[in-house]
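None of the figures in this text is laboratory data; all of them are computed from the coordinates on show. Predicted model, so just to flag it, every value in this text is computed and none were measured. Cβ placement follows ideal geometry from the backbone for every residue including glycine, while neighbour counts extend to all protein chains displayed.
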Amino acid sequence: MTLSPAVEASPSPKGARSLVWTVLRQPQGAVGALMLALVAVVALIGPLVAPHDIRTVVGIPLAHPSHAARLGTDVLGRDVLSRVLNGGLTLLAVAISATLLAYLVGACWGMAVSLRSSALDVVSIGVVDVLLSLPPLVIGLVLLAGAGSGNVTIALALAVIQAPRVFRIVRAASREVAAQDFVEAATARGDSMWSVVRRDILANIWTPMLTDFGLRVTSSVILFSSLSFLGLGAPPPSPDWGQMISENQIGIVTQPWGVVVPVVLIAVLSVGTNLLTDTFSRTMNNGAVGGGR
Amino acid sequence: MARFVVVRLLAGAATMWAVSVLLFFGINLLPGDPAAAALGSSATPAQLAQYRIEFGLNRPITVRYADWLGGVLHGDLGRSFPSGTPVTELVGPRIGYTALLALLTLLVLVPLGVSLGVLSGTREGGRTDRVTSMVTLILAATPEFVIAAALMLLLAVWIPIFPRVSLIDTGSPVGGQLRVFVLPALTLVAAGAAQTCRMIRACVIDVLEQPYIAMARLKGVPERQVIWRHALPNALGPTLQVLAINLGWLFGGVVVVEAVFEFPGVGRALTQAVAERDVAVVQSLALIVTGVFVVGSVVADIAASVLNPRLRRHL
């Protein structure tokens, strides 16, 4: 990721607003934002408008769509539509809180190390290299095997997976900034480390960090739904899209909707985020941000 | 050169050791009781104590770690907690099936991903590049189980060409049963080739922006020769490293794909062991999988430095 345009860009709110507009005016960015908004609406409003309870059996198992169950019933005879509408909130909540936690740890650690390059830096790189040599899903599986399943465990596992990756990106980005003259000047005039981090480093790396944050949320969503697809997610009655796919896969021939709808929603969410973040980083790299300077 | 190889090998070995510590202590220090998980909630304290003695769980954790690591180094992966079956016996044939699946996948994935990446990187901004970039962006963003479910719907349910589940008859030779490998391999190819193509494209573009390429072009070297003689040999090293990185992601895909198609491989053994809280199997399998990944990246680094002597100075 090239950082120079972001470093030059003024971090004023006006610059931020014009960056958002530049991104949304491009077809790819607009489509991405729309896809993201669609899934967010389903996940957030869904639980309020679901016609049935997620546990109630409304018909025979794997029934075709009817007036009572618009998307048919699932493998136990529950309403697919209601379960779809209830299945997004946990997914998003776990993925976003895990990413926030990973950022809290990884970004603080990365910025601290970039300002005080010393033995700590060498040790951190070593630790991070070892953590990165473990395939992500393996970390998740190992932690779940040791601690048992549950949404909190999964969120922590996702944070453990993401934190070293956040560290790498933030460290690289803030090292580039820390080498600039204005940081040296700030340090020379006796600004505290906190003030340097907030006023000089963070102000200059927030755009690449935002792009990365979007990608991390998506990959957390994918990992979370993969784990619940593997049957290792939260205990059964609470639905989420990954789990629905694995439950209803047996009936895919007779009643595909229990699989197709959650599949489409997860795909729309992650493709949408990727389209949006891709447009973001391209806009930043092209320096096409108008009016900000 | 020899010094670089030795240092890189030692670094790989050190990583493996650190990984073994992390895996063993990570899994065994977490608040979960393997004895209770194996025997169920109805077990009496006496039964639990008996079980802990039988599996050596009452010993200090450092002793258990040394015992486990010593066993692994001698090819003994320990015993499965609930059943007492040796782990090697449990996963032996599965390793073969997963290795074959990975091999078939890589045979298609590598040429496809690399050639698409080069094609689109050398035509940056052109129509081929824009179409490839869009398709690979979408495929790389789609979770493996989504691709798997889509392929299953398409090629096993609506147009039933391939079997929906990959059941392998252990009695007859695998060579005659390659049909069951098609859908799992196709899923992994779709997900992996997209990822690989995007990274290779970035490598190629990066190389093409180097001053010596501009120099060659200004000198009047034909474009074809610029790409084949000057750019691609220099993009080969980073390409190998990209492939090694994707190996780790590929394994995550393998776990998911094996679950979708009920493929009897290492990934499913690992998932089942996690569901049963079978700590002994999980730690050994996780170590093997990570080992393959670490070996892959060491080999890639050494190969890259053979191709590009300048890399040997960075370490």
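Structural remarks
- When the alpha carbon coordinates of the stretch B:2-73 are projected onto the principal axes, the ranges are 59, 19, 15 Å, largest first.
- Remark: mean inter-chain Cβ contacts per residue of A:143-154 equal 5, using a 10 Å Cβ-Cβ cutoff to other protein chain atoms.
- Approximating the spin labels as points 7 Å out from Cα along Cα→Cβ, the A:Gln28-to-B:Ala2 distance works out to 5.0 nm.
- Label-point separation, B:Ala303 to B:Ala11 (7 Å along Cα→Cβ), nm: 1.8 nm
- Per-residue packing, averaged as other Cβ atoms within 10 Å, sorts the ranges A:106-112, B:67-73 into the order A:106-112, B:67-73, beginning with the highest.
- Each part gets one Cα centre, and for the stretch A:225-255 versus the stretch A:110-172 those centres are 28 Å apart.
- Proximal charge balance of A:Leu36 [Cβ under 15 Å; K/R count +1, D/E count -1]: 0
- What the Cβ-Cβ distance of A:Arg17 and B:Thr128 gives, at R0 = 51 Å and to the nearest 0.05, is a FRET efficiency of 0.90.
- Each Lys or Arg adds one and each Asp or Glu subtracts one; over the other residues with Cβ under 14 Å from the Cβ of A:Asp53, this totals +1.
- Estimated FRET transfer efficiency (B:Glu209, B:Asp76; beta-carbon r; R0 60 Å; 0.05): 0.70
- Between A:Asp181 and A:Trp194, the distance separating the two model label sites (each 7 Å from Cα on the Cα→Cβ line) works out to 3.0 nm.
- Degrees separating the helix B:279-307 axis from the principal Cα axis of chain B, which is the longest one: 20 degrees
- Max mean-square fluctuation residue, GNM over chain A, Cα-Cα springs under 10 Å, options A:Gly148, A:Gly272, A:Gly258: A:Gly148
- For chain B, the mean residue ellipticity at 222 nm estimated from helices alone is -24000 deg cm²/dmol, where every DSSP H run of n ≥ 4 contributes -39500 (n - 2.57) and the total is divided by all residues, rounded to the nearest 500.
- For chain B, built as a Gaussian network whose Cα springs stay under 10 Å, the top-fluctuating residue of B:Pro34, B:Pro60, B:Pro233: B:Pro60
- Alpha carbon convex hull of the stretch A:98-244, volume per residue in cubic angstrom: 109 Å³
- Only helices reaching 24 angstrom along their own axis (Cα) with mean Kyte-Doolittle hydropathy no lower than 1.0 count here, and for the DSSP H runs of chain A these are A:27-49, A:88-115.
- For a label point 7 Å along the Cα-to-beta-carbon line of A:His64, residues of the stretch A:232-273 with backbone N under 15 Å: A:253-258
- If you run the Gaussian network model on chain B, springs between alpha carbon atoms under 10 Å, then out of B:Gly171, B:Gly92, B:Gly248 the most flexible one is B:Gly171.
- Fraction of alpha-carbon pairs over 32 Å apart in the protein assembly as shown - percent: 53 percent
- The distance separating the Cα centre of the stretch B:136-191 from that of the stretch B:39-103 comes to 31 Å.
- Extended-chain gain in nm, criterion 0.36 nm per residue less alpha-carbon gap, B:Thr85 and B:Leu167: 27.2 nm
- Overall form of chain B per C-alpha gyration tensor (a/c, 1.5; a/b vs b/c): oblate
- Shielding value for A:224-235 is 4, the average number of Cβ atoms from other chains within 10 Å of each residue's Cβ.
- For the stretch B:212-261, a Kirkwood radius taken over Cα pairs fed into Stokes-Einstein (37 °C, viscosity 0.692 mPa s) yields D = 244 µm²/s.
- Nearest-0.05 FRET efficiency for B:Leu69 and B:Ala46, computed from C-beta distance (R0 35 Å): 0.65
- Cut-off under 5 Å, modelled amide H: who pairs with A:Arg78 long-range: A:Val58
- The stretch B:55-139: C-alpha gyration tensor shape, a/c 1.5 cut-off, then a/b vs b/c: prolate
- Spin-label proximity, B:Leu178 to the stretch B:109-131 - amide N less than 20 Å from point 7 Å beyond Cα toward beta carbon: B:109-113
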